[in-house]
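The values are calculated or read from the model by the stated rules, or taken from the named source; none is laboratory data. Only a predicted model underlies this, so the values are computations on that prediction, with no experimental measurement involved. Glycine gets a Cβ as well: all are built from the backbone with ideal geometry, and neighbour counts include every protein chain shown.
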Amino acid sequence: MKVVLFCGGRGTRIREYSESIPKPMIPLGPQPIMRHVMQWYSDYGHDDFVLCLGYKANVIKDFFLSTRPQTFADCVVSGGGKDIQLLNEGVKDWRVTLLDTGIWRNIGERLWAARNQVKDEKMFLANYADGLTDVDLNDMLARFEASGMYGCFLAVRAPLTYHLADIDETGRVRALRGTDASDIWINGGYFIFRPEIFDYMNDGEELVLEPFARLIADNKLMAYKHEGFWRSMDTLRDWQSLEDMVENGEMPWNAAVRAERARRNVIKAAS
C-alpha cells in the first residue's frame with residue numbers, strides 16, 4: 001500500500017532547526033524524524049512511499065540519493081569499503097518517489113499534486129511526516145476497510161495542560177476540569193484514504209477544511225480514536241522530549257524496541 005508523506009512545510013514553529021534543513025529532516029538520534037515515520041510504516045509492511053516535497057526539497061533528495069541500505073543497518077565492511085555484508089536479514093529496500101510539489105502549497109494541494117501516484121490504489125496512507133505513534137495500523141486499516149468510508153484520520157487526545165472552564169451567562173463558574181478529563185479529540189494525522197477522496201477536493205483547498213466538510217456531509221469520514229502514545233514535533237520543546245526518549249531507548253513507535261522490551265519482561269517474569 002502506498003504511503004504519501006507531506007514533507008514540504010517550513011516548520012516555522014521549530015525555526016531553530018528548520019532555517020537550515022526542512023522539518024522532516026530534523027534528527028532524532030542518528031536519523032531524521034521522517035525516517036522514524038517511514039520505518040513505522042515499513043514495520044507494517046508498507047514500503048512504497050510518495051514524498052511530497054517543498055521547502056528545501058534538495059536536502060531531502062540528497063538524503064535519499066546518498067543513503068545506501070547499510071547506512072541504518074548492522075554490517076561488516078572489508079576490502080577498504082568495497083565489500084559490505086549486511087547483518088540485518090530483515091533490511092528492506094524501500095521504494096521512494098520524490099515529488100516536488102512546490103514551496104507554498106498547503107497539504108490539500110500537495111495531496112492533489114500526488115493524485116496520479118495513488119489513483120490505482122484500493123486504499124492509500126498519508127501522514128504529515130513529523131509525528132510518531134504506537135497505534136495498531138492493522139486494526140485501523142481493518143476498521144476503515146469495513147466502514148465503507150472514503151477518509152479516516154487518527155484522533156488523539158489534545159496535548160494540552162490547560163484547565164477548561166464551564167461558565168454560565170452570568171459569569172458563574174460551574175466546573176473546572178483538566179484537558180485529560182475532557183472529551184476533546186484532535187486530528188493526529190495518520191490518514192487512510194480511498195481514491196474517491198479526490199472527488200471531494202478542489203484546487204487550492206486545505207485538506208481538512210473544505211474536502212473534509214464535504215466528506216462529513218456525505219457521512220464518508222471516520223476517526224480512529226487512540227488513547228495510546230502519540231507525539232508531534234511542532235516546537236523545540238517537542239523535539240527535546242522525543243530526543244530524550246530516543247536517548248533513553250524509550251521509543252514506543254519502534255517495533256524492534258517494543259519487541260525487545262517484551263522479551264525482557266518475559267525473562268524478568270520467569271526469573
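Output yes when any residue across the stretch 169-186 is under 17 Å from Trp230 (Cβ atoms) and modelled with pLDDT of 85 or more, and no when none is. I'd like the intermediate steps shown before the answer.
Taking the stretch 169-186 and keeping what is under 17 Å from Trp230 (Cβ atoms), we get 179-180, 182-186.
Remaining after also requiring modelled with pLDDT of 85 or more: 185-186.
Taking every residue of the stretch 169-186 in turn, at least one turns out to be under 17 Å from Trp230 (Cβ atoms) and modelled with pLDDT of 85 or more.
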query = If you scan the stretch 185-239, which residues turn out to be surrounded by fewer than 13 Cβ atoms within 10 Å (Cβ to Cβ) and part of a strand (DSSP E or B)?
reply = Lys225
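Against the definition (among the charged types (D, E, K, R) and surrounded by fewer than 13 Cβ atoms within 10 Å (Cβ to Cβ)), how does Arg177 come out, yes or no?
Numbers: among the charged types (D, E, K, R): yes; surrounded by fewer than 13 Cβ atoms within 10 Å (Cβ to Cβ): yes.
Yes.
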ask   = Within the stretch 145-152, can one find any residue that is within 29 Å of Tyr44 (Cβ to Cβ), hydroxyl-bearing (Ser, Thr, Tyr) and surrounded by 13 or more Cβ atoms within 10 Å (Cβ to Cβ)?
value = yes
Contacts under 9 angstrom Cβ, first residue in the stretch 60-79 being closer than 13 Å to Lys92 by Cα and in contact (Cβ under 8 Å) with a residue 40 or more places away in the chain, partner loosely packed, with under 12 Cβ neighbours inside 10 Å and not polar (S, T, N, Q), 6 or more apart = Phe72/Pro30
ask   = Could you count how many residues in the stretch 224-255 are small (Gly, Ala, Ser) and within 13 Å of Val135 (Cα to Cα)?
value = 2
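Has the stretch 41-52 got any residue that is of a type in the set (A, V, I, L, M) and either in contact (Cβ under 8 Å) with a residue 40 or more places away in the chain or surrounded by 15 or more Cβ atoms within 10 Å (Cβ to Cβ) (or both)? Walk me through how you get there before you give the answer.
Taking the stretch 41-52 first, the residues of a type in the set (A, V, I, L, M) are 50-51.
Filter once more, so that each one left must be either in contact (Cβ under 8 Å) with a residue 40 or more places away in the chain or surrounded by 15 or more Cβ atoms within 10 Å (Cβ to Cβ) (or both): 50-51.
Scanning the stretch 41-52, I find at least one residue that is of a type in the set (A, V, I, L, M) and either in contact (Cβ under 8 Å) with a residue 40 or more places away in the chain or surrounded by 15 or more Cβ atoms within 10 Å (Cβ to Cβ) (or both), so the answer is yes.
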query = On the given criteria, is Glu250 among the acidic types (Asp, Glu) and either without any contact (Cβ under 8 Å) to a residue 60 or more places away in the chain or surrounded by fewer than 12 Cβ atoms within 10 Å (Cβ to Cβ) (or both)?
reply = yes
key: Pairs with Cβ under 6 Å, 6+ apart, first in the stretch 101-123 and under 20 Å from Phe144 (Cβ atoms) and touching a residue at least 60 places away in the same chain (Cβ under 8 Å), second surrounded by fewer than 21 Cβ atoms within 10 Å (Cβ to Cβ) and aromatic (Phe, Trp, Tyr)   = Arg115/Phe198
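From the list Lys122, Lys82, Lys92, which residue is closer than 30 Å to Asn187 by Cβ, surrounded by fewer than 14 Cβ atoms within 10 Å (Cβ to Cβ) and out of contact with any helix residue (DSSP H, G or I) (no Cβ under 7 Å at 6 or more places or on another chain)? Can you show your working first?
Numbers: Lys82 fails: closer than 30 Å to Asn187 by Cβ; Lys92 fails: out of contact with any helix residue (DSSP H, G or I) (no Cβ under 7 Å at 6 or more places or on another chain).
None of the others qualify; the one that does is Lys122.
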request  = Of the numbered conditions (1) under 24 Å from Val257 (Cα atoms); (2) touching a residue at least 60 places away in the same chain (Cβ under 8 Å); (3) not aromatic (Phe, Trp, Tyr), Asp136 fails exactly one; give the number of that condition.
outcome  = (2)
